[in-house]
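Have a look at the structure below, then the notes.
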Amino acid sequence: MSEALRSIGAAFRLKGELQSFDTITNGNINATFRVTYRQEDGSEKSYIFQRINTAVFRNPVEIMQNIDLVTTHISTKYPNERTLHFHHTADGKNYLFDGDGCFWRVMNYVDSVTFNTCDDPAVIEATGAAFGHFQNQLSDFDGARLFETIPDFHNTKKRLDTLFAHVEEDPCGRAAGVQEEIAYLSSVRETAGALSVRFANGEIPVRVTHNDTKSNNVLFDRETRLPIVVIDLDTVMPGMAAYDFGDAVRFIANTAAEDEPDLTRVSFDTEKFRAFCRGFLGEVCTSLTQAEIDSLVTAAFSITVELASRFLDDYLTGDKYFKVNYPEHNIVRTRCQLALAKDIMRKKDELERIVAETVKEARER
Ligand code: GN1
Ligand code: MG
């Protein structure tokens, strides 16, 4: 691997000698490496090398164009804030197709810490503020300029339609083992898809959204524990603000990991939810419409069901989309997300109350 990385680094004209590298295992799609160089003056500098999964992102050049537009917009609007810095090859491109046809990009590594799970309400609130601020950074960006990197990415209705088509086809003969999950998804199919239908009908405003708001997509300063920058801009596209909110709380308010096999450990933590609401709504409560505010809790439920359906769909069609660490991984993920969705539904009234209280607080501030 180090030889391959060395030649990628050379193509991006990185200076110095490749010293070491390690794999960053957070993502479920792309391959990510932190690569450290010793520079001529003896100091070390690290970079992030990423090999894009082109089965998922079919037009990776379009992604890099999107990222270029988005980061330029942010750094023009907020010159003092950190944005991601990508390196260019000799012919001026911010990406490279290597000899095997693999698609690579290289960016500066930002010394930072990320949180996969978090119990500190201050960090959770700051995560909410970071994603809310990201929304504000792009509030005046024309989404029509962006390529749709994955069409219908958060079209929950379509995701569920696809799942049920694959349940019928059952291409790998796996449906018999997941009847309970299929039955539950079938019972919530309409409820979970409703928001995406209203979005398609124009009842919910179109925003430029991040679309993958897991807490580990915010880099934090090690010492101050304040957010530095939001990363993973591959899916920045027009979408629903409430889904960015929903996806974030799906991840951060889960008392367990996204793929926890022991379902007794999985629940939706209302206090973590409150902390995230404070940060997020503190940033965007004046720009969101009432329809958007009213849809936040439903969005959390819907996107959790959506992700469960995506994991299950991948299982039924042979584990081709998400990286799996063991054969049942996608079912374990499905069950975990379904347990979480059920808990969100059980706590819906309380969550709605928390949203209302937080909006009131934020507006009085
Ligand atoms: C994938 O690879 P990663 O971790 O950035 C997926 C998200 C899911 C997430 C679940 C392009 O994100 O939609 O929410 O896994 N990204 C894509 O962990 O499908
Ligand atoms: Mg992502």
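Inside segment 281-365, counting only helices (runs of 4 or more DSSP H) that do not spill past its ends, which hold 3 or more residues that are surrounded by fewer than 18 Cβ atoms within 10 Å (Cβ to Cβ) and at pLDDT 95 or above?
Helices (runs of 4 or more DSSP H) meeting the threshold: 290-294, 348-364.
May I ask you to say which residue of A257, A253, A275, A248 is over 15 Å from S139 (Cα atoms), within 13 Å of ligand 2 (Cβ to nearest atom) and of a type in the set (A, V, I, L, M, F, W, C)?
A248 is the lone residue from the list that is over 15 Å from S139 (Cα atoms), within 13 Å of ligand 2 (Cβ to nearest atom) and of a type in the set (A, V, I, L, M, F, W, C).
Quick grid of which residues meet (1) closer than 24 Å to I29 by Cα; (2) surrounded by fewer than 24 Cβ atoms within 10 Å (Cβ to Cβ); (3) free of Cβ contacts under 8 Å to residues at least 60 places away in the same chain; (4) touching a Pro at 6+ places or on another chain (Cβ under 9 Å):
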position: V206; (1), (2), (3), (4): no, yes, no, yes
position: T209; (1), (2), (3), (4): yes, no, no, yes
position: D221; (1), (2), (3), (4): no, yes, no, yes
position: R225; (1), (2), (3), (4): no, yes, no, no
position: T235; (1), (2), (3), (4): yes, yes, no, no
position: A242; (1), (2), (3), (4): yes, no, yes, no
position: G246; (1), (2), (3), (4): yes, no, yes, no
position: I252; (1), (2), (3), (4): yes, no, no, no
position: E260; (1), (2), (3), (4): yes, yes, no, no
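Return the total of residues in segment 72-98 being in contact with a Phe, Trp or Tyr (Cβ under 8 Å, 6 or more places away or on another chain) and part of a helix (DSSP H, G or I).
Number satisfying all stated conditions: 1.
What about D232, is it within 14 Å of ligand 1 (Cβ to nearest atom), in the same structural domain as A200 (by TED's automatic domain parsing), charged (D, E, K, R) and in a loop (DSSP other than H, G, I, E, B)?
Against the criterion (within 14 Å of ligand 1 (Cβ to nearest atom), in the same structural domain as A200 (by TED's automatic domain parsing), charged (D, E, K, R) and in a loop (DSSP other than H, G, I, E, B)), D232 qualifies.
Out of everything in segment 1-56 that is assigned to a loop (DSSP other than H, G, I, E, B) and of a type in the set (D, E), what residue ends up being surrounded by the fewest Cβ atoms within 10 Å (Cβ to Cβ)?
The extreme case among them is D41.
State whether one or more residues within segment 253-273 are among the aromatic types (F, W, Y) and within 16 Å of ligand 1 (Cβ to nearest atom).
Within segment 253-273, the first condition is being among the aromatic types (F, W, Y), and the residues that meet it are 268, 273.
Imposing the further condition that a residue be within 16 Å of ligand 1 (Cβ to nearest atom) reduces the set to none.
Scanning segment 253-273 turns up no residue that is among the aromatic types (F, W, Y) and within 16 Å of ligand 1 (Cβ to nearest atom).
Could you say whether any residue in segment 185-200 is more than 25 Å from I331 (Cβ to Cβ) and touching a helix residue (DSSP H, G or I) at 6+ places or on another chain (Cβ under 6 Å)?
Checked segment 185-200: at least one residue is more than 25 Å from I331 (Cβ to Cβ) and touching a helix residue (DSSP H, G or I) at 6+ places or on another chain (Cβ under 6 Å).
Do we have S75 as away from ligand 2 (no atom under 16 Å from the Cβ), among the hydroxyl-bearing types (S, T, Y) and in contact (Cβ under 8 Å) with a residue 40 or more places away in the chain here?
For S75, the condition - away from ligand 2 (no atom under 16 Å from the Cβ), among the hydroxyl-bearing types (S, T, Y) and in contact (Cβ under 8 Å) with a residue 40 or more places away in the chain - is not met.
Is it the case that some residue within segment 330-337 is touching a strand residue (DSSP E or B) at 6+ places or on another chain (Cβ under 6 Å) and either in the same structural domain as G27 (by TED's automatic domain parsing) or closer than 28 Å to P171 by Cβ (or both)?
no
For segment 339-360, state whether one or more residues are under 19 Å from the mean Cα position of the chain (by Cα) and in contact (Cβ under 8 Å) with a residue 24 or more places away in the chain.
Yes, some residue in segment 339-360 is under 19 Å from the mean Cα position of the chain (by Cα) and in contact (Cβ under 8 Å) with a residue 24 or more places away in the chain.
Pairs under 8 Å by beta carbon, first residue within 13 Å of L307 (Cα to Cα) and within 16 Å of ligand 2 (Cβ to nearest atom) in segment 153-165, partner of a type in the set (A, V, I, L, M) and assigned to a helix (DSSP H, G or I), six or more apart or different chains?
Short answer, once both residue conditions are applied: H154/I303.
Restricting attention to segment 225-242, which residues are over 17 Å from G128 (Cβ atoms) and more than 10 Å from ligand 2 (Cβ to nearest atom)?
Selection gives V236, M237, P238, G239.
The values are calculated or read from the model by the stated rules, or taken from the named source; none is laboratory data. Just so you know, these numbers come straight off a predicted model, no measurement behind them. When we count neighbours, we look across all protein chains shown, and the Cβ atoms used for this are built from the backbone with ideal geometry, even at glycine.
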